[in-house]
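In what follows, a structure is listed as structure tokens, so that the remarks can point back to it.
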Amino acid sequence: MILLAITPGTGFGAGRWKSVLRSGVDAFLIREKELPTRQLLEAARWCQDTAPEVALWVAGRLDVAWTTGCGLHAPEAYPDLEACPVPLSRPLHAESQWPDRSAAAQLLVSPVFSSPGKGTPWGPERLRRFLDSLPTEGPRLLALGGVEPANAASFSHPRLAGFAAIRPFWTGDPERAVSDFRQTGTQPSPGL
């Protein structure tokens, strides 16, 4: 199971970021829209130095992803990239987006549960039907949006690689959140 921690958008904080990076997560997405380029670049390099074993993604900044050699998460309004020079992650809000986004390395299916300002949730049944319709090969799929250890088991599916989240890793003890996710009994396949 892949666990992706997404930063909460409150700026860089070495102590808190370090505790999440070293909590046992597999990947880390820097989503800090307010950080100037130089600070975002420094934060990405700091993450790589602090936890080189954790896959790093940067939201919306191809220049930073390219410079640091990490992945790019291209948000919904980001222009299409036909040939991305770094690993590409995209959101997936509807089944109809699959044909245009299935070449990405990673898709964040969102929101799976109700999340403030995130539109109609997929819910377990719709997500399961969608996952059943997909080929076994293709991008890594992570469920995002209202996902926490208590409800993660409802999304167990061989095509789902894991979960992406903000709150479970940033409120409370991130190591406990990782442990709780891993104890849900879900064993999705990596997807890549």
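Any read-out appearing in this document is the output of simple, stated calculations on the displayed coordinates, not a laboratory observation. Remember, it's a predicted structure, so these values are computed and weren't measured experimentally. Note: ideal-geometry Cβ built from the backbone for every residue, glycine included; neighbour counts use all protein chains shown.
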Suppose the filter is farther than 25 Å from T171 by Cα, under 16 Å from the mean Cα position of the chain (by Cα), surrounded by 15 or more Cβ atoms within 10 Å (Cβ to Cβ) and in contact (Cβ under 8 Å) with a residue 40 or more places away in the chain; does A65 pass it? no
How many residues of the stretch 1-42 are crowded, with 22+ Cβ neighbours inside 10 Å and under 16 Å from H73 (Cβ atoms)? The answer is 10
Of the listed residues (L142, L131, L88), the one being in contact (Cβ under 8 Å) with a residue 40 or more places away in the chain and out of contact with any helix residue (DSSP H, G or I) (no Cβ under 8 Å at 6 or more places or on another chain) is L142
For L56, the lone unmet condition from (1) surrounded by 15 or more Cβ atoms within 10 Å (Cβ to Cβ); (2) farther than 21 Å from L142 by Cβ is (2)
Residues in the stretch 146-176 that are in contact with a strand residue (DSSP E or B) (Cβ under 8 Å, 6 or more places away or on another chain) and either under 27 Å from G9 (Cα atoms) or β-branched (V, I, T) (or both) total 14
